Amino acid sequence: MRYLEVVRLVKECVRFGRSALIQGPSGVGKTAAVKQAAEESGSNLIVSHPRIEHIVDANGMPVVAATGARVVPFAETAEVLSAPVSPATIWFWDHFSHAAPSVQAAHSSWLWGRTVNGRTLPDSVIIVAAGPHPEDGAGACAIPSGVYSKFGVVARLEPNAEDFLMWADASGIWTRIMGFVGSNPSYLMQPPQRDTTTATPRAWENLSKIYDTNPAVTDFEALALDMLGPAIGREFWTYVTDDNINRAVVRAVQGADLSASIDPADILPRLIRALSEENSETLCAFTLKHWDCAPDAAMAFAAKVENAQYSRGAVAAELLSKTATIRARTTTWQCRSVTGMEDGIDLDEILGTV
């Protein structure tokens, strides 16, 4: 199922009072889907983490008192047992398949009959569990068939770039991530690999959070490689760098100052495509200012200005004057090279004596 289909499924489970097990690769968005369903349905959300729990976390702690032995629920179990009649409460067992089989069995006691040790779940409580399948390569335990059969609905969440982009847009994910995934849908999620990270919706979300926290982070490229895997991380960083340059060209066209992290040498080669009669003076001024950063690109831009079919302003005239001077100087040095003259000999003086 797709992400939005899982969201709708969980909302329907809330509506009709059915439990659900959502499976799928780690990082595909299972937890996000349940949280979104809870928010959209107006339900309370209580999250348990069976993978770090003991059977007593689900069923209660045995206590011996003067009046006799009893089992006392605590933590999330105690919280759901006292859930209000309205609104509904989703008791979410996250990473359920990472729990030990004994803990899975202890939790599943609440699925069938909904009564454990004399305590009954309120009708307003809906159980939703999530976790990867053992074949997803995330170290999950196999869920016994007896536990499987107690869930009212079992569904599998598969990655889908279109749904991710809709969620990302609503969640404020970094626009560069949205642009990259939109152009490369297969990069949304990659198969897990041993001893390395791979791209997942969760990894993209975490990368976006880091950028939101500190957009000026100095080693963002290394972070991208570490979080997405070397291949996709490097390609994403190239995309970001290229997009940064394109945005800087726009700023240059507008006459605005560049970001300190942008090298003018990366922008000058692209000014040829950006040149128009309206921005000629602005871009000529930019080229003059940063000529030394990339002189070959600056000369190519000046040639484009020289061949343009519209009138030139004062700044364009200055640019072309500098270009003519550099060309003359280059011609002089070429003549010296052809004639075998040594440095320091004035060619003009020699030509004047002929």
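See the values below:
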quantity	calculated
Proximal charge balance of residue 159 [Cβ under 15 Å; K/R count +1, D/E count -1]	-2
Region 174-249: radius of gyration over Cα atoms, expressed as a fraction of 2.2 N^0.38 Å	1.05
Ranked list, fewest to most other Cβ atoms within 10 Å of each Cβ, for 227, 166, 189	166, 227, 189
Total formal charge among the other residues, if their Cβ is under 11 angstrom from that of residue 2, Lys/Arg +1 and Asp/Glu -1	-2
Ranked by how many other beta carbons lie within 10 Å on average, peptides 67-73, 127-133, 18-24 from highest	127-133, 18-24, 67-73
222 nm mean residue ellipticity, helices alone, for the chain (DSSP H n ≥ 4; -39,500 (n - 2.57); rounded to 500)	-15500 deg cm²/dmol
Given the chain, longest segment not containing exposed loop GluC sites (Glu not before Pro) (DSSP; at most 12 other Cβ within 10 Å)	1-276
Gyration tensor over alpha-carbon atoms, the chain, equivalent ellipsoid semi-axes in Å	69, 20, 16
Whether region 164-218 is rounded, prolate or oblate, judged on the alpha carbon gyration tensor where a/c under 1.5 counts as rounded	oblate
Cut-off 11 Å between beta-carbons: net charge of the residues surrounding residue 257, Lys and Arg +1, Asp and Glu -1	+2
Low-density loop positions, chymotrypsin sites (Phe, Trp or Tyr not before Pro), region 26-92 - DSSP coil, at most 12 other Cβ in 10 Å	74
Residue order, fewest to most surrounding Cβ atoms within 10 angstrom, among 211, 310	310, 211
Rounded D (µm²/s) - region 120-254, Kirkwood Rh over Cα pairs, Stokes-Einstein at 20 °C, 1.002 mPa s	122
Total lysine pairs whose alpha carbons fall under 23 Å of each other in the chain (8 or more apart, or interchain)	10
Dipole moment magnitude, nearest 20 debye, the chain about Cα centre, only Lys, Arg, Asp, Glu C-beta charged	1560
Whole-Hz couplings from phi, Karplus 6.51/-1.76/1.60, listed for region 71-77; x for Gly and Pro	10, 10, x, 8, 6, 5, 4
Against the rule of thumb 2.2 N^0.38 Å, how large the Cα Rg of region 1-43 comes out	1.06
Residue exposure sequence - 57, 94, 169, 257 - by fewest surrounding Cβ within 10 Å	257, 169, 94, 57
Other-chain or far-sequence residues with amide H under 5 Å of residue 88's (modelled H)	44
In order through region 144-161: 3J(HN,Hα) via Karplus (6.51 cos²θ - 1.76 cosθ + 1.60), integer Hz, x for Gly, Pro	x, 4, x, 6, 3, 5, 7, 7, x, 9, 10, 9, 10, 8, 10, x, 8, 5
Approximate spin-label separation residue 4-residue 317, in nm, with each point projected 7 Å along Cα-to-Cβ	6.0
Residue (of 129, 178, 146) at the positive-pole extreme of region 100-179, dipole from beta-carbon charges	146
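Where a number appears in this text, it was derived from the coordinates with a stated rule and is not lab data. Given the structure is predicted, the values throughout are model-derived calculations rather than measurements. Reconstructed Cβ throughout: ideal geometry from the backbone, glycine too, with neighbour counts over all protein chains shown.
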